[in-house]
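Here the structure is laid out as structure tokens; the discussion comes afterwards.
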């Protein structure tokens, strides 16, 4: 244990009393022993305080109740409380695999690696396994040109170096959603990312998740993309910027089409995407799917 770097695990939670103890237990069950768990309670009104009493006296767990200030501030509070040279995350309704850190930490040996992430598996609200295809291709190395198109890093799987925070900053507290993509884009400017195919993280799919708010998610995704391009005008070639905007419009359009069974708004988004990158293959595939559904 003494030879292991300390890993600080940040769990920001709001009204997740029903799932939170299982998340904390899964982190404590790691084969990697040198870790601390920082639970930041963002003003929960459920039984979270009572649920956390079971961890009183556990020297590896700190429970920090705060007023409700939103997800980014809660996560940043946890980051600022962290003592480790490495920091990891677990959402309060998800679960870690026992070998997670043992699998991921050795990948930091690759020079200039700032973020190590993994593949995920899925369960439903009752803990039953859910089969779900991998949505995006994952990448290792210098990933900015890939990351600008898709956020392919599952948030809860990520372990980061403390130096990433010191050099590239914390979560943007002006962004209620999409904060991880914004963070990864900034980190990708100076750090390598390493990916492992092993499924070290179990993501819970259940009604009422913030991730189901697809319209809000894309509202902030547009803002994040614009901010990154504006702040780094020389980093991306013009063709890649155009592709990123095209993909953004297509992705939003198809999300709306699937969720709301509508045609006009998704079709309009695809047309907007065409103005940015007429030759983007994914755009034409989306258009065909939309027209087939329409017919």
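The values are calculated or read from the model by the stated rules, or taken from the named source; none is laboratory data. No experiment lies behind these values; they were computed from the predicted model shown. Glycine also receives a Cβ, built like all others from the backbone with ideal geometry; neighbour counts cover every protein chain displayed.
Tabulated data for the structure shown
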{"item": "Residues of region 5-17 satisfying the condition of being surrounded by fewer than 18 Cβ atoms within 10 Å (Cβ to Cβ) and either within 13 Å of residue 60 (Cβ to Cβ) or free of Cβ contacts under 8 Å to residues at least 24 places away in the same chain (or both)", "result": "6"}
{"item": "Check on residue 46, in a loop (DSSP other than H, G, I, E, B), modelled with pLDDT of 95 or more and within 17 Å of residue 153 (Cα to Cα)", "result": "no"}
{"item": "Set 56, 33: member being within 25 Å of residue 85 (Cα to Cα), without any contact (Cβ under 8 Å) to a residue 12 or more places away in the chain and assigned by TED's automatic domain parsing to the domain that holds residue 203", "result": "56"}
{"item": "Pair list, Cβ < 7 Å and 6+ apart or interchain, from region 132-145 residues that are closer than 19 Å to residue 186 by Cβ to residues that are at pLDDT below 95 and part of a loop (DSSP other than H, G, I, E, B)", "result": "144/235"}
{"item": "Test: residue in region 207-218 that is modelled with pLDDT of 95 or more and out of contact with any helix residue (DSSP H, G or I) (no Cβ under 7 Å at 6 or more places or on another chain)", "result": "no"}
{"item": "Which numbered condition residue 279 fails, given (1) at pLDDT 95 or above; (2) assigned to a helix (DSSP H, G or I); (3) surrounded by fewer than 16 Cβ atoms within 10 Å (Cβ to Cβ)", "result": "(2)"}
{"item": "Elements of type helices (runs of 4 or more DSSP H) contained in region 102-198, each with 2 or more residues being touching a helix residue (DSSP H, G or I) at 6+ places or on another chain (Cβ under 9 Å) and under 19 Å from residue 78 (Cβ atoms)", "result": "162-168, 179-188"}
{"item": "Residue match in region 87-99 (condition: assigned by TED's automatic domain parsing to the domain that holds residue 23, surrounded by fewer than 19 Cβ atoms within 10 Å (Cβ to Cβ), in contact (Cβ under 8 Å) with a residue 12 or more places away in the chain and assigned to a helix (DSSP H, G or I))", "result": "no"}
{"item": "Subset of region 240-276 (residues that are outside any loop (DSSP other than H, G, I, E, B), over 25 Å from the mean Cα position of the chain (by Cα) and either surrounded by fewer than 18 Cβ atoms within 10 Å (Cβ to Cβ) or assigned by TED's automatic domain parsing to the domain that holds residue 136 (or both))", "result": "264, 265, 267, 268, 271, 272, 274, 275"}
{"item": "Any hit, region 222-239, residues being farther than 23 Å from residue 275 by Cβ and surrounded by fewer than 17 Cβ atoms within 10 Å (Cβ to Cβ)", "result": "yes"}
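Each row is one residue, and each column tells you yes or no for (1) in contact with a strand residue (DSSP E or B) (Cβ under 7 Å, 6 or more places away or on another chain); (2) modelled with pLDDT of 95 or more; (3) under 25 Å from residue 83 (Cβ atoms).
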position: 127; (1), (2), (3): no, no, no
position: 148; (1), (2), (3): no, yes, no
position: 164; (1), (2), (3): yes, yes, yes
position: 196; (1), (2), (3): yes, yes, no
position: 201; (1), (2), (3): yes, yes, yes
